[in-house]
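Accompanying notes for the structure given below.
The values are calculated or read from the model by the stated rules, or taken from the named source; none is laboratory data. Just so it is clear, the structure is predicted and the values come from calculations on it, not from any experiment. Ideal geometry is used to build each Cβ from the backbone, glycine not excepted, and the neighbour counts take in all protein chains shown.
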Amino acid sequence: MFKSKEIINKKVFYSTLISIPHFFTTRDLIVKDNKELICQYLDIPKKNLICPVQTHSDNVEIVDSRREYPDCDSLISNQKNLAVYLNFADCTPLVFYDSKKEVCAIAHAGWRGTAKKIGVKTVLRMVETFNCNPSDIIVLIGPCIGFSSFETSFEVIDNLRSTIKDDTGLFEDNKADLKGINKRQLEEINVKTIDTCPYCTVLDNDKFFSYRKENKTKNRHSAVICLK
């Protein structure tokens with residue numbers, strides 16, 4: 001279940017399913033402008049707050065001694081006292097946590113990333129690199145553009161349909177449910193525990209940034225997770 005709380009006097013959302021520090025920021029808190037305060041809250045050095053250069057790719061990287069990750073839309077970490085964050089404004093945030101293997105990840109799944117199954121590729125990379133079991137991985141699907149607000153081309157609809165075996169309830173004319181598609185993709189590879197945020201970045205624009213509704217705004221909210 002998603003709930004709200006305040007960190008550094010700013011409203012964020014989190015899931016009760018994950019015990020380690022994590023949160024989805026709102027319009028109240030832009031990470032890039034508050035890095036020092038967030039690091040104080042997480043009790044980590046500033047160099048350990050890492051964000052890749054997102055390019056709407058399906059590239060998945062493992063955090064190592066590097067602190068820069070160009071052309072990457074999913075970061076996986078097993079390093080304690082290191083936080084990963086990615087930025088969003090309508091695209092779907094996917095947060096992953098395996099408490100048995102102590103591995104976490106965040107993926108940026110816009111419609112392009114969803115069509116390329118970046119969530120599935122993140123899980124498979126966790127399995128390959130850290131011997132995770134998909135059924136042990138908890139996934140949070142964060143705030144993004146909702147079903148009723150995401151209108152797109154029929155070519156995109158066809159691309160998204162091709163990524164799942166069962167598309168029941170996920171498409172209507174030229175609209176697609178990006179949260180539901182990502183969830184269905186993950187369920188089809190045996191991810192059992194998925195918590196989906198109810199908020200839509202368009203309809204709940206008072207809480208989150210929306211690229212579509214706000215004329216291609218450059219502002220972003222973020223998903224953050226930190227192994228402790």
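Candidates are the residues of region 202-217 that are among the charged types (D, E, K, R) and under 18 Å from the mean Cα position of the chain (by Cα); the one that is surrounded by the most Cβ atoms within 10 Å (Cβ to Cβ) is 207. Answer yes or no as to whether residue 31 is modelled with pLDDT of 95 or more, touching a Pro at 6+ places or on another chain (Cβ under 6 Å), of a type in the set (Val, Ile, Thr) and closer than 30 Å to residue 149 by Cβ. So residue 31 fails the test.
Candidates are the residues of region 157-186 that are touching a strand residue (DSSP E or B) at 6+ places or on another chain (Cβ under 7 Å) and surrounded by fewer than 17 Cβ atoms within 10 Å (Cβ to Cβ); the one that is farthest from residue 109 (Cα to Cα) is 174. Here region 136-178 is the region considered, the condition is being in contact with a Lys or Arg (Cβ under 6 Å, 6 or more places away or on another chain) and not in a loop (DSSP other than H, G, I, E, B), and the residue that is nearest to residue 196 (Cα to Cα) is 141. Taking each residue of region 172-185 that is of a type in the set (Gly, Ala, Ser) and looking for partners that are at pLDDT 95 or above and in a helix (DSSP H, G or I) with beta-carbon atoms closer than 9 Å, six or more apart or interchain, yields 176/111; 176/114; 176/156; 176/157; 176/160; 176/161.
For beta carbons closer than 8 Å, sequence separation of 6+ or different chains, a first residue in region 78-100 that is more than 18 Å from residue 34 (Cα to Cα) and assigned to a strand (DSSP E or B) and a second that is at pLDDT 95 or above and among the charged types (D, E, K, R), the qualifying pairs are 92/179; 98/136. Against the definition (closer than 27 Å to residue 209 by Cα, touching a residue at least 40 places away in the same chain (Cβ under 8 Å) and part of a loop (DSSP other than H, G, I, E, B)), how does residue 113 come out, yes or no? When the stated conditions are applied, residue 113 does not pass them. Looking only at region 42-91, count every residue that is surrounded by 17 or more Cβ atoms within 10 Å (Cβ to Cβ), among the hydroxyl-bearing types (Ser, Thr, Tyr) and over 12 Å from the mean Cα position of the chain (by Cα) and tell me the total. Number of matching residues: 3. Of all residues in region 94-103, one or more are more than 16 Å from the chain's Cα centre (by Cα) and under 20 Å from residue 141 (Cβ atoms).
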